[in-house]
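A quick write-up on the structure given underneath.
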Amino acid sequence: MAISLSAHRSQLVLAALVVAHLLAISWQVETDQHVPVLEHLVLTVVAPFQRLLASSGRGLGAAYHRYVDLRGAREESLRLAGRVRELEFALEQREHLAQQAARLRELLALRALLPLETITAEFVASEGMPWAGKVTVSKGSADGVTLNMPVISPSGVVGRVIALGPHAAKVQLILDRDSGVGVLVERSRTIGVLEGLSDDSDAGDLPMLFVPALADVKVGDTVVTSGLDQIYPKGLTVGVVSRVPPATGLVKDVFVTPSARFHQMEEVLLVRVPPESLDTPEGVR
Amino acid sequence: MSVLRAGALILAALLFQSALSLLLPAHAALLDPFLIITVYVCLMRGETAGMLMGAAAAWAQDLAFGGPVLGLLGLARVLLAYAVGHVGHRFLISSLPARLATLFLAALLDVWLLGRFAAVFEVPLRSFSVLTQLERGAVNAIVGAGVFQLIEWRLRREPLL
């Protein structure tokens with residue numbers, strides 16, 4: 001290598017000097033466009049590589065930005081999905097609050113109409129199935145709740161208190177198999193006893209017992225409490241006659257669909273005053 | 001050849017050219033002492049030293065006497081030195097006629113190369129007529145060969161380079 005360099009030393013020196021002089025001259029001489037030749041040469045030689053680099057750079061940049069955008073879009077999508085879930089949850093909460101407000105308004109309206117002292121309570125638990133016969137409410141003896149207190153809702157009679165705790169009470173719904181409510185048909189004043197769900201019940205209607213075979217009872221008649229059971233105030237809406245099968249003896253079975261919306265119920269009123277002294281106003285009915 | 005001696009040669013050429021332009025301004029362009037020392041170094045030391053000397057001398061000449069574009073003369077001298085050194089390396093150029101011929105042709109080649117490069121870079125340059133070129137070649141050949149003889153005579157008494 002050293003020999004080769006030495007042998008070509010003069011050529012190398014020639015090349016180096018020529019290049020150096022060309023650069024020096026090009027630095028001073030200008031082209032027609034008043035650009036130094038060296039600059040013109042550099043531009044001419046370098047420009048294609050610069051274009052190549054620029055286009056490659058732009059391509060890479062675009063690919064990178066697409067990648068970043070894609071990642072951003074994915075993150076944005078995840079963020080928005082989370083936000084949608086949050087908003088859906090908030091919306092559900094608002095709807096729930098709105099429904100609760102509507103129910104409470106109904107309760108307040110009922111309380112305003114009733115000349116009774118009532119306690120507002122919430123359903124906190126039910127025994128098993130939605131149509132179970134007993135539920136637990138959020139008020140107990142510490143709140144002034146006593147045994148056999150009637151439990152009502154704006155849509156109708158719900159049941160009565162059968163067990164007490166300090167801060168909770170168990171309520172037997174009128175749906176319960178062992179329940180019995182003294183009722184009468186509002187139009188004809190025919191009295192009877194409304195029992196809980198039985199084997200003969202059809203689609204949730206309840207049998208009204210001890211109705212004379214000749215009594216004037218029709219489908220669609222409103223059934224209210226009679227007050228004779230000494231538990232429920234007289235005149236509270238219980239339901240509507242749904243079926244009147246033909247009589248087979250001295251009495252006939254009448255079936256009543258409860259008006260209370262048990263499957264939608266969350267707040268109820270517990271009636272404090274003994275029912276025997278009450279006569280429910282017409283407006284409550 | 002040391003840098004110092006090369007510098008001394010260039011300085012001598014510079015002074016001589018300056019003196020000539022003062023004493024004989026009309027004929028100063030006919031004699032080029034920088035060309036003569038370049039050819040001398042090429043013949044004595046080979047093309048590499050000649051190219052370096054040619055480049056340095058040409059730059060000094062351009063800087064001192066205002067060449068149109070710095071480096072243009074240097075480029076021509078580098079190529080000239082390479083050519084002369086190359087020829088001098090292969091042929092024995094020690095006789096007076098050979099030196100005269102070499103200097104004469106070198107002077108012609110020098111003007112031709114300068115003209116070509118000036119044309120390539122579109123640098124306006126004073127043109128020489130053929131007669132002037134021949135005249136310049138002859139003057140440089142005669143003066144240069146005389147200087148060479150003088151130097152050699154001097155070297156026989158005390159080596160200069």
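The values are calculated or read from the model by the stated rules, or taken from the named source; none is laboratory data. Quick caveat, the model's predicted, so the values are computed rather than measured. Cβ: placed from backbone, ideal geometry, glycine included. Neighbour counts: every protein chain shown. The accessibility values were calculated without ligands, DNA or RNA, using every heavy atom of the protein model including side chains. Shrake-Rupley method; radii C 1.70, N 1.55, O 1.52, S 1.80 Å.
Considering only segment A:96-106, I want to know if a residue exists there that is out of contact with any helix residue (DSSP H, G or I) (no Cβ under 7 Å at 6 or more places or on another chain), within 24 Å of A:Gln230 (Cβ to Cβ), part of a helix (DSSP H, G or I) and not basic (Lys, Arg).
No: segment A:96-106 contains no residue that is out of contact with any helix residue (DSSP H, G or I) (no Cβ under 7 Å at 6 or more places or on another chain), within 24 Å of A:Gln230 (Cβ to Cβ), part of a helix (DSSP H, G or I) and not basic (Lys, Arg).
When you scan segment B:86-95, how many residues do you find that are more than 14 Å from every other protein chain (Cβ to nearest Cβ) and either open to solvent by 70 Å² or more (accessible area, probe 1.4 Å) or more than 30 Å from B:Trp153 (Cβ to Cβ) (or both)?
Residues flagged as more than 14 Å from every other protein chain (Cβ to nearest Cβ) and either open to solvent by 70 Å² or more (accessible area, probe 1.4 Å) or more than 30 Å from B:Trp153 (Cβ to Cβ) (or both) within segment B:86-95 amount to 2.
Just need a number here: residues in segment B:121-138 that are at pLDDT 85 or above and touching a Gly at 6+ places or on another chain (Cβ under 9 Å).
The number of residues fulfilling the criteria is 0.
Go through segment B:1-74 and tell me which helices (runs of 4 or more DSSP H), entirely inside it, have 1 or more residues that are at pLDDT 85 or above, within 14 Å of chain A (Cβ to nearest Cβ) and open to solvent by less than 30 Å² (accessible area, probe 1.4 Å).
B:33-45, B:47-65
Need the failing condition index for B:Ala81 against (1) touching a Leu at 6+ places or on another chain (Cβ under 7 Å); (2) within 14 Å of another protein chain (Cβ to nearest Cβ); (3) surrounded by 18 or more Cβ atoms within 10 Å (Cβ to Cβ), just the number.
(1)
For (1) in a loop (DSSP other than H, G, I, E, B); (2) within 14 Å of chain A (Cβ to nearest Cβ); (3) without any contact (Cβ under 8 Å) to a residue 40 or more places away in the chain; (4) in contact with a Phe, Trp or Tyr (Cβ under 8 Å, 6 or more places away or on another chain), each residue gets a yes or a no:
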{"site": "B:Leu109", "(1), (2), (3), (4)": "no, no, yes, no"}
{"site": "B:Ala118", "(1), (2), (3), (4)": "no, yes, no, no"}
{"site": "B:Glu122", "(1), (2), (3), (4)": "yes, yes, yes, no"}
{"site": "B:Leu125", "(1), (2), (3), (4)": "yes, yes, no, no"}
{"site": "B:Leu134", "(1), (2), (3), (4)": "no, no, yes, no"}
{"site": "B:Ile142", "(1), (2), (3), (4)": "no, no, no, no"}
{"site": "B:Ala145", "(1), (2), (3), (4)": "no, no, no, no"}
{"site": "B:Glu152", "(1), (2), (3), (4)": "no, no, yes, no"}
{"site": "B:Leu155", "(1), (2), (3), (4)": "no, no, yes, no"}
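Here is a check on your reading of the model: is B:Ala98 out of contact with any Leu (no Cβ under 6 Å at 6 or more places or on another chain), without any contact (Cβ under 8 Å) to a residue 24 or more places away in the chain and open to solvent by less than 60 Å² (accessible area, probe 1.4 Å)?
yes
Give me the residue from segment A:238-264 that is assigned to a loop (DSSP other than H, G, I, E, B), of a type in the set (A, V, I, L, M, F, W, C) and open to solvent by 20 Å² or more (accessible area, probe 1.4 Å) and, out of that set, modelled with the highest pLDDT.
Across segment A:238-264, the extreme among qualifying residues is A:Val244.
Condition first: under 20 Å from A:Met208 (Cα atoms) and at pLDDT 90 or above. Can you find one or more residues in segment A:128-150 that meet it?
Within segment A:128-150, one or more residues are under 20 Å from A:Met208 (Cα atoms) and at pLDDT 90 or above.
Which one of A:Ala62, A:Ala16, A:Ala47, A:Ala98 is modelled with pLDDT of 80 or more and open to solvent by less than 50 Å² (accessible area, probe 1.4 Å)?
A:Ala62
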